[in-house]
Each structure stands twice: as C-alpha cells, then as structure tokens.
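Report on the following structure.
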C-alpha cells in the first residue's frame with residue numbers, strides 16, 4: 001500500500017480551517033484537520049511534506065512523523081509546519097485504522113472507557129447564543145446546559161477586561177465585575193456546574209494572581225492560560241498562589257515544549273491541542289508524560305469536527321484523560337459539524353461517546369469538495385529534489401567488499417575491479 005496523492009481543502013465559510021485527505025493505491029482515504037493560517041498550512045503540506053510522503057507506505061506513521069519534524073525543526077517547527085504535520089498524522093492514523101478494520105483507540109492499545117465526560121465551551125454559531133449568555137445571563141445558560149445533561153462549562157470571562165491594556169492593568173471594580181457571571185451560575189444552580197475560566201494568555205503574572213484569587217471562592221474547575229505559556233517559573237508561581245488548578249495549554253507544541261511544564265508541576269491540568277501539537281502520535285505521548293507525573297489530561301477543542309473525533313480516540317485510550325472540551329453550538333442541530341462530516345459526534349448525557357467504525361469513524365461529506373467556496377490543492381508526485389532549497393548534494397555511504405565510501409546518489413555505478421584506480425572512481429574512502 002502506497003500513498004498516491006494528498007489534498008488540502010479550504011472553505012471560505014470557515015476561513016481558519018484546513019482539511020487534509022491522503023489517498024492510497026488500494027482505495028483508502030485518510031482525513032485530517034487543523035485550524036488557523038490555512039494558506040501557510042497548505043504551503044507547508046504541498047511544498048514540503050506531501051512530496052516526502054508520496055509513494056511511501058502510510059503505515060510507517062512514527063517514521064513519517066520523525067521525518068517531517070526533523071525537516072521542520074531545521075527552520076523552526078512550532079507554527080504552520082507543525083499544524084500541517086498534525087493534520088497529516090491524523091490522516092495517516094485514519095488510514096491505519098481502516099486497513100486494520102479497527103478504531104484508532106484499539107490501534108493505540110485499546111479502550112479504557114467507552115465514553116468521556118464533556119464540558120461546554122460557550123462559543124456560538126447560528127441561532128445558538130451560548131457566548132452572549134455566558135457574559136450576560138450566565139445563570140440561565142447554566143440551567144440550559146444542565147437540561148442537556150452537561151454539568152461543566154468554560155468561557156473567557158476576563159478577556160474584555162484585558163484587551164484595552166494587554167492585561168497590564170486592572171481598574172477598580174474589575175475583579176468584582178468579571179466574577180459576576182460566575183456568581184450568577186452559583187446563585188442559579190449552586191455547585192451542580194463545574195466552571196473553568198480561560199484567560200487566553202492575556203494577563204501579566206501580577207494580575208493573573210489577583211484574578212485567580214478573586215475567583216477561588218467560587219470553587220473554580222481550573223484557570224486556563226491566565227498568562228502565556230512562555231515561562232515555566234511564572235506558571236509555577238501562579239500554581240502555588242491559586243487554589244484552582246492551573247491548566248496548560250493548547251499553545252505548547254510537541255512533547256518537547258510540554259516536558260518542563262509537566263515534570264516541574266506547572267501544568268496541573270494538561271491540555272494539548274491535537275491538531276496543533278503534532279497529531280495523534282504526539283498527543284498520545286504527551287498524555288503518557290502526564291500520566292507518569294499523575295496529572296490529568298483534557299484535550300483542547302473549539303475548532304472543527306475532525307479534531308473532536310481524533311481527541312475522542314485519545315480520550316478512550318489514555319488512562320488519565322478525564323474530560324473533553326466540546327461546543328454544543330457546533331455539534332448540535334443547527335451547528336456546522338453536520339455541514340462537514342458524516343457521522344457527527346455523539347454527546348449523550350454530557351458524555352462524548354466512543355467513535356464507531358474503523359479509523360477515525362467519520363468522513364467529509366461528498367458535498368464538501370463540490371462547494372462553490374471550496375479551494376482544493378493536490379500533490380501527487382514525490383519529491384524530485386531535496387527540501388533545503390537545492391543547497392545540499394545527495395550523498396550516500398555505500399559499502400562494497402568490506403570497504404566504505406561516500407558518493408553522490410545520482411552517480412552512475414561503475415564496474416568494480418580490484419585495481420586501486422577503479423576503486424576510487426566516483427567515490428571517497430572513509
């Protein structure tokens with residue numbers, strides 16, 4: 001089985017999203033997704049990574065991940081390149097599951113559970129008004145979520161206070177005002193609802209501590225990204241100052257960035273974003289690292305449906321996964337997931353159910369490729385040059401008759417003779 005072509009799909013309706021489909025010569029088609037910078041992501045896929053994969057076996061997932069990472073790491077991996085790798089990796093796992101006729105969580109070692117608790121991030125789409133209600137009528141929102149069987153929520157209760165000064169200033173009364181929606185939830189439903197706050201990295205450390213302490217009396221589920229995850233020491237200070245767990249963070253990319261945060265205790269809740277941090281391959285390793293430090297994992301979402309399916313497989317498999325982010329405005333009737341994939345995810349009584357079927361368990365609808373707002377790019381040829389801009393020559397080490405040589409890969413092999421002169425032709429002894 002070989003990879004024959006790789007395509008990216010972008011829709012104007014969803015300007016941040018990129019979908020990736022990998023095709024094989026035996027009819028499999030693997031699906032991946034990432035979010036933000038679609039032109040940069042498509043460029044990385046078609047200029048760098050797709051030519052590396054065409055003609056290769058899709059089942060060599062670990063090798064492909066390392067090859068792609070090593071290439072990106074040569075010039076800075078933690079951007080569009082890693083988002084591209086994440087989407088491609090997910091699509092490769094989808095193919096592997098299809099070939100084995102197993103869901104991906106079985107390929108990872110089997111399921112620890114058949115469902116996982118969800119919390120609702122209060123984004124909105126269409127007629128849904130969860131975002132507005134989170135800030136203006138949070139008590140009613142909490143009752144509505146409980147009616148749907150959802151007993152945990154998250155919103156960015158502090159963003160609008162940070163934006164005018166980039167989080168450097170708190171005005172008198174701000175702390176009380178930003179706690180008001182949380183107070184409304186507690187007054188409306190008591191402790192029936194777990195409440196998390198997402199700071200989106202907008203605050204400096206001093207104000208983050210003040211905010212966290214102001215919210216601590218409300219028994220917060222966690223404080224997420226009150227400060228940017230660029231400094232382990234500052235996160236350690238924040239974690240020591242607050243009662244609520246500190247959640248870190250969808251902005252960390254690969255196990256290498258998560259390592260110090262997890263080992264040093266700066267990430268009390270570990271939140272990788274699968275479609276940014278390196279796909280299923282890397283997210284499972286991050287979950288392993290967190291498990292070794294007895295830390296829970298709660299994958300990040302608020303993007304597209306493929307991410308939720310991929311994260312569901314991690315959550316079914318990883319022993320330390322404890323909750324999954326979802327957005328009912330996206331997956332419920334009237335949301336946009338139904339426009340894109342079939343089947344949709346299943347959330348029942350506040351729990352995301354394990355995907356069914358081989359691979360991811362979902363597909364892009366056929367109608368997606370035919371939409372008038374769709375842009376589709378295809379790569380179907382392997383690389384014919386190196387990926388270093390042509391500035392490196394393709395050398396290889398060869399061994400013949402117990403002697404080792406360096407030569408160009410494009411050198412025409414010569415007839416080997418016993419004379420020293422012929423042995424030296426087109427090669428250099430090591």
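The values are calculated or read from the model by the stated rules, or taken from the named source; none is laboratory data. Given the structure is predicted, the values throughout are model-derived calculations rather than measurements. Cβ: placed from backbone, ideal geometry, glycine included. Neighbour counts: every protein chain shown.
For the criterion of being more than 24 Å from residue 366 (Cα to Cα), at pLDDT below 95 and crowded, with 17+ Cβ neighbours inside 10 Å, residue 44 fails. Within the option set 92, 59, being in a loop (DSSP other than H, G, I, E, B) and under 19 Å from residue 359 (Cβ atoms) holds for one residue only, 59.
Would a scan of the stretch 127-149 turn up a residue that is part of a helix (DSSP H, G or I), modelled with pLDDT of 95 or more and within 23 Å of residue 252 (Cα to Cα)?
Scanning the stretch 127-149 turns up no residue that is part of a helix (DSSP H, G or I), modelled with pLDDT of 95 or more and within 23 Å of residue 252 (Cα to Cα).
Could you please find all residues in the stretch 177-211 being touching a residue at least 24 places away in the same chain (Cβ under 8 Å) and farther than 22 Å from residue 143 by Cβ? Correct list: 199, 200, 201, 202, 203, 204, 205, 207, 208, 209, 210, 211.
Search the stretch 307-359 for residues being on the phi > 0 side of the Ramachandran plot and touching a helix residue (DSSP H, G or I) at 6+ places or on another chain (Cβ under 9 Å), and hand back the single one that is modelled with the lowest pLDDT.
So, considering only residues that are on the phi > 0 side of the Ramachandran plot and touching a helix residue (DSSP H, G or I) at 6+ places or on another chain (Cβ under 9 Å), the one modelled with the lowest pLDDT is 357.
Tell me whether the stretch 24-36 contains one or more residues that are surrounded by fewer than 22 Cβ atoms within 10 Å (Cβ to Cβ), modelled with pLDDT of 95 or more and either part of a helix (DSSP H, G or I) or at positive phi (or both). Yes, that holds for at least one residue. Residue count for the stretch 212-232 under the criterion of being free of Cβ contacts under 8 Å to residues at least 40 places away in the same chain and in a strand (DSSP E or B): the result is 1.
Of note, residue 335 satisfies the criterion of being part of a loop (DSSP other than H, G, I, E, B), in the same structural domain as residue 146 (by TED's automatic domain parsing), under 28 Å from residue 16 (Cα atoms) and over 19 Å from the mean Cα position of the chain (by Cα). Say we look at the stretch 347-374 and pick out the residues that are under 20 Å from the mean Cα position of the chain (by Cα) and not in a strand (DSSP E or B); which of these is surrounded by the fewest Cβ atoms within 10 Å (Cβ to Cβ)? Among those residues, the one meeting the criterion is 354.
Scanning the stretch 152-194 for residues that are touching a strand residue (DSSP E or B) at 6+ places or on another chain (Cβ under 6 Å) and in a strand (DSSP E or B) gives 152, 153, 154, 194.
Being under 28 Å from residue 328 (Cα atoms) and either assigned to a loop (DSSP other than H, G, I, E, B) or within 19 Å of the chain's Cα centre (by Cα) (or both) is the filter here, so list the residues in the stretch 104-116 that pass it.
If we filter the stretch 104-116 for residues that are under 28 Å from residue 328 (Cα atoms), which is where we start, we get 104-106, 108, 110-116.
Listed by number, the residues that qualify are 104, 105, 108, 110, 111, 112, 113, 114, 116.
Determine whether the stretch 247-259 contains at least one residue that is on the phi > 0 side of the Ramachandran plot and either crowded, with 22+ Cβ neighbours inside 10 Å or touching a helix residue (DSSP H, G or I) at 6+ places or on another chain (Cβ under 6 Å) (or both). Yes; the residues of the stretch 247-259 include at least one that is on the phi > 0 side of the Ramachandran plot and either crowded, with 22+ Cβ neighbours inside 10 Å or touching a helix residue (DSSP H, G or I) at 6+ places or on another chain (Cβ under 6 Å) (or both).
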